[in-house]
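This report concerns only the one structure given below.
The values are calculated or read from the model by the stated rules, or taken from the named source; none is laboratory data. Here the structure is a predicted model, which is why all the values come from computation and not from measurement. No Cβ is skipped: glycine too gets one built from the backbone with ideal geometry, and neighbour counts run over all protein chains shown. Keep in mind that these areas ignore ligands, DNA and RNA; they rest on the heavy atoms of the full protein, side chains included. Shrake-Rupley method; radii C 1.70, N 1.55, O 1.52, S 1.80 Å.
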Amino acid sequence: MAWDEWEQLKADAADRQSTGMRLNQLEPGGGGSAALPGQTGDLKVNHSDLAKIGSQAHTLYDDLWNKARVAIPSSDKAAGDLSGQGFALGGGLKHVSNRWDEQLKSLMDACAHISNHMQVTKKVHAGDEHYIQRQVSSIDALDAGFDERVGEPGKKNPAYEPKK
């Protein structure tokens, strides 16, 4: 690669970087607008959404198991035959077969991880939601008892009055 070509590629990359992703900041000059509280919705995920994602991941895992790994034994056999006949191509085919097997296992592991994770995510988050609700309700009860603004200064706090 010629030096001029390298410099041109660096300049092109620098030009593209100005429109690239920005994290934790807005573009200088007011190029964006931050959402005000209450203008954005809450993140809501229901069980059917998680189930669909998990199901798709499981289906992909099954398809990879049934279809993609079929090529490995035949490729290994062909690599052995070619190597046995003295062809250098046999070693190359064996290398490709090994890499295919490694990548396939990695992809299948990722699919299994996604599928398993989606099965437990809803349960975990439901437990978190109940925990947060319990904590917030106990804070409300504490506020009623300790907040001096509930009663007039110097007077007994009505939160401690017996209920009528």
_Any helices (runs of 4 or more DSSP H) falling wholly within segment 2-89 and containing at least 2 residues that are at pLDDT 90 or above and of a type outside the set (D, E)_ = 47-63, 71-84
*asked:* Contact list please: Cβ distance under 7 Å, first residue in segment 44-65 and farther than 22 Å from A126 by Cβ, second residue among the hydroxyl-bearing types (S, T, Y), pairs at least six apart or on different chains.
replied: Y61/S115
*Please specify each residue of segment 91-101 satisfying the condition of being free of Cβ contacts under 8 Å to residues at least 24 places away in the same chain and open to solvent by 100 Å² or more (accessible area, probe 1.4 Å).*
H95, R99
*How many of the residues in segment 89-141 are farther than 19 Å from H58 by Cα and of a type in the set (V, I, T)?*
5
_Just the residues that are surrounded by 12 or more Cβ atoms within 10 Å (Cβ to Cβ) and touching a helix residue (DSSP H, G or I) at 6+ places or on another chain (Cβ under 8 Å), please, taken from segment 71-90._
A71, I72, S75, D76, A78, A79, G80, D81, L82, S83, L89, G90
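To keep it simple, each residue is scored yes or no on (1) farther than 27 Å from L50 by Cβ; (2) open to solvent by 50 Å² or more (accessible area, probe 1.4 Å); (3) modelled with pLDDT of 75 or more.
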position	(1), (2), (3)
N116	no, yes, yes
K122	no, yes, no
A126	no, no, no
F146	yes, yes, no
E152	yes, yes, no
K164	yes, yes, no
